[in-house]
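Working notes for the structure below.
The values are calculated or read from the model by the stated rules, or taken from the named source; none is laboratory data. All values reported here derive from a predicted model rather than from experimental measurement. A quick note on method: Cβ atoms are made from the backbone with ideal geometry, for glycine too, and the neighbour counts reach across all protein chains shown.
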């Protein structure tokens, strides 16, 4: 599979058979480039305008925006785990769905706009990620310090930070990825895409910072 990043919380995962899974699409958001992307499956962690812009997705994708268990064509299993957008059981920003995507023998976990530490039941439902997409910018989600603690709790093979300040979102009020990197003690050269497969999971880097085309 091939991972690509488009800023904020928007990724695509392209499988070997051509199936494209897309996460948390945005449209007219800050100064991010306008996107028009192909996808077969779209996950939406919550219905805020910077995470649910289905109008940028071409075709008629299967849209997953509720917690639950989904068995999809091509032996793709998606589990939506209910969580919260804040640290006050959703009273401030509402609910959030963590999506666990199992495909080609790889377990991908997209935390959406998680705002709290998962409890024991949520940790069990999420399981051990091969790849963890985690928000690190704070204000609306986990901040850098709590994100680092969450990584320890979930113990993924590889962590991919998201939802942080970039040159396109300097007015959003969230921190840059460097705050998270300074805590985890790692710094990697950003990559435009990343290829992985079940056979090479043991060789994944602990941390992957991804860049995207403007």
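Going through (1) touching a residue at least 40 places away in the same chain (Cβ under 8 Å); (2) outside any loop (DSSP other than H, G, I, E, B) one by one, residue 74 falls short only on (2). Can you confirm whether residue 122 is under 19 Å from residue 133 (Cβ atoms), modelled with pLDDT under 95 and either under 16 Å from the mean Cα position of the chain (by Cα) or surrounded by 13 or more Cβ atoms within 10 Å (Cβ to Cβ) (or both)? No; evaluated as a whole, the condition is false for this residue. Condition test on residue 63, is it in a strand (DSSP E or B) and under 30 Å from residue 203 (Cα atoms)? So residue 63 fails the test. Screening 143, 130, 179 for residues that are closer than 17 Å to residue 93 by Cβ and in contact with a helix residue (DSSP H, G or I) (Cβ under 9 Å, 6 or more places away or on another chain) leaves exactly one candidate, 143. Of the residues making up segment 184-210, just one is in a helix (DSSP H, G or I), modelled with pLDDT under 95 and surrounded by 11 or more Cβ atoms within 10 Å (Cβ to Cβ), namely 184. Tally up the residues in segment 131-165 that are crowded, with 19+ Cβ neighbours inside 10 Å and either part of a loop (DSSP other than H, G, I, E, B) or in contact (Cβ under 8 Å) with a residue 60 or more places away in the chain (or both), please. Residues meeting the conditions: 15. I'd like the residue in segment 105-119 that is within 23 Å of residue 204 (Cβ to Cβ) and in contact with a strand residue (DSSP E or B) (Cβ under 6 Å, 6 or more places away or on another chain) and, out of all such residues, is surrounded by the fewest Cβ atoms within 10 Å (Cβ to Cβ). Checked segment 105-119; the qualifying residue surrounded by the fewest Cβ atoms within 10 Å (Cβ to Cβ) is 109.
Selection of segment 91-104 for residues being more than 15 Å from residue 67 (Cα to Cα), in contact with a strand residue (DSSP E or B) (Cβ under 8 Å, 6 or more places away or on another chain) and at pLDDT below 95 yields only 93. Just one of (1) farther than 22 Å from residue 85 by Cβ; (2) at pLDDT 95 or above fails for residue 161. It is (1). Considered as a group, the residues in segment 83-95 that are free of Cβ contacts under 8 Å to residues at least 40 places away in the same chain and part of a strand (DSSP E or B) include one that is surrounded by the most Cβ atoms within 10 Å (Cβ to Cβ), and that residue is 83.
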